[in-house]
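The values are calculated or read from the model by the stated rules, or taken from the named source; none is laboratory data. Keep in mind that what you see is a predicted model, and the values were worked out from it rather than measured. Cβ sites come from the backbone with ideal geometry, for glycine too, and all protein chains shown count toward neighbours.
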Amino acid sequence: MPATLHEHALFAGSPVLAGVHHLNPDIEPHAHDFLEIAVIGAGHGRHVTSQGERPLRHGEVVVLRPGAWHGFRGCADLTVANCCLSAQALGAELALLYDIPMLRRLLWTDPVASGTHGVAVTAVDPDAAEEAIAEISLLERDLGADQRRPGRVLGRLVTVLGILADGRDSVQETFESAVHPAVAATIARLEEAPAHPWRLDDLAQAVNLDPTYLGRLFVRYVGLTPLGFLARLRAERAATLLAHSALPAARVGAAVGWDDPTYFARRFRALVGLTPTEYRRRSRSAGHAGLSAPGEPKSS
């Protein structure tokens, strides 16, 4: 059963969390309210998500949006290097990462695409994976240092993401232009008030664009329509509320903009892979899921 790993308990005020783990026991499926990037190194194991189980390969990269869940089974000396980004920081000091086209695809477009349930799995060359794992190990060291080094941490993070993006993006994608200002303005409006009953016409009017054109811009830069983006945003906010609060599921749905409990349950399951009740039950049924913050004992 998935546990929920909570941002406030793990990050200790830092925007980044990192660690290299050598897994032998199973890691129970777990959800969390931050973004996770897991780079797979040597060893054997199977990955568990809402899509089922599949063998892991050296060089695979798993990206999970907040609210998504996964786990590991049948692990035998499996190396997994985690680089986790605070959801709060992604809306503040790390927001600039979304302005870099090749990182935007890695961190946002792929894991929010239709049917992914917030989980994207891609692959890089094994040598690139080992390079990224080595950098994540150095990032872990810097995070655990007695003296805070925010500049060095940010530099390590960008290096890790750059290695992974270089291993999977084409030249054309790398040089794609930055997010269109109308898309950025609309995203900010939706993130500020996701529970508002937004209509495409209203969003388009606010940025002085034709609704159809705004829709095309969203698909180009985000991979979703504006209302598809809103649905994913609501699902991520709902997942956090389900894990953190005692609000009844119906009130959680209303809090994010889905007033009809039946519709909320249907949309949440389509986007996350579990009903709201299942997500809450599983998120509270297990312990720490075997992963650790810097300075804590690691699974082995």
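List of remarks:
- The residue of the stretch 234-253 that is modelled with the lowest pLDDT, among those that are surrounded by fewer than 16 Cβ atoms within 10 Å (Cβ to Cβ) and over 14 Å from Thr275 (Cα atoms), is His244.
- Criterion (in contact with a His (Cβ under 9 Å, 6 or more places away or on another chain), modelled with pLDDT of 85 or more and crowded, with 22+ Cβ neighbours inside 10 Å) met by exactly one of Val272, Val256: Val272
- Being in contact with a helix residue (DSSP H, G or I) (Cβ under 6 Å, 6 or more places away or on another chain) and not acidic (Asp, Glu) holds for only one residue in Leu154, Leu203, and it is Leu203.
- Members of the stretch 199-233 found to be crowded, with 18+ Cβ neighbours inside 10 Å and more than 22 Å from Asp110 (Cα to Cα), listed by number: Leu203, Ala204, Leu209
- The residues on offer are Ala113, Ala3, Ala31, Ala81, and the sole one that is modelled with pLDDT of 90 or more and either in contact with an Asp or Glu (Cβ under 6 Å, 6 or more places away or on another chain) or not hydroxyl-bearing (Ser, Thr, Tyr) (or both) is Ala81.
- Unique residue being free of Cβ contacts under 8 Å to residues at least 24 places away in the same chain and acidic (Asp, Glu) when the list is Glu53, Glu36: Glu53
- In this structure, Leu214 does not satisfy being closer than 21 Å to Ala270 by Cβ, aliphatic (A, V, I, L, M) and over 18 Å from the mean Cα position of the chain (by Cα).
- Taken residue by residue, the stretch 39-61 has at least one member that is part of a strand (DSSP E or B), aliphatic (A, V, I, L, M), closer than 21 Å to Val153 by Cα and under 16 Å from the mean Cα position of the chain (by Cα).
- Scanning the stretch 246-262 for residues that are under 24 Å from the mean Cα position of the chain (by Cα) and closer than 19 Å to Ala193 by Cβ yields Leu247, Val252, Gly253, Ala254, Ala255, Val256, Gly257, Trp258.
- Test: residue in the stretch 107-120 that is crowded, with 18+ Cβ neighbours inside 10 Å, among the hydrophobic types (A, V, I, L, M, F, W, C), under 19 Å from the mean Cα position of the chain (by Cα) and assigned to a strand (DSSP E or B): yes
- Restricting attention to the stretch 234-270, the residues being in contact (Cβ under 8 Å) with a residue 40 or more places away in the chain and not in a helix (DSSP H, G or I) number 1.
- Taken together, Asp210, Asp146, Asp259, Asp201 contain a single residue that is farther than 24 Å from Ser114 by Cβ and not polar (S, T, N, Q), which is Asp146.
- Of all residue pairs spaced 6 or more apart or on separate chains, those with beta-carbon atoms under 6 Å, a first member in the stretch 129-150 that is touching a residue at least 40 places away in the same chain (Cβ under 8 Å) and a second member that is part of a helix (DSSP H, G or I) and among the β-branched types (Val, Ile, Thr) are Ala132/Val160; Ala132/Ile163; Ile136/Val160.
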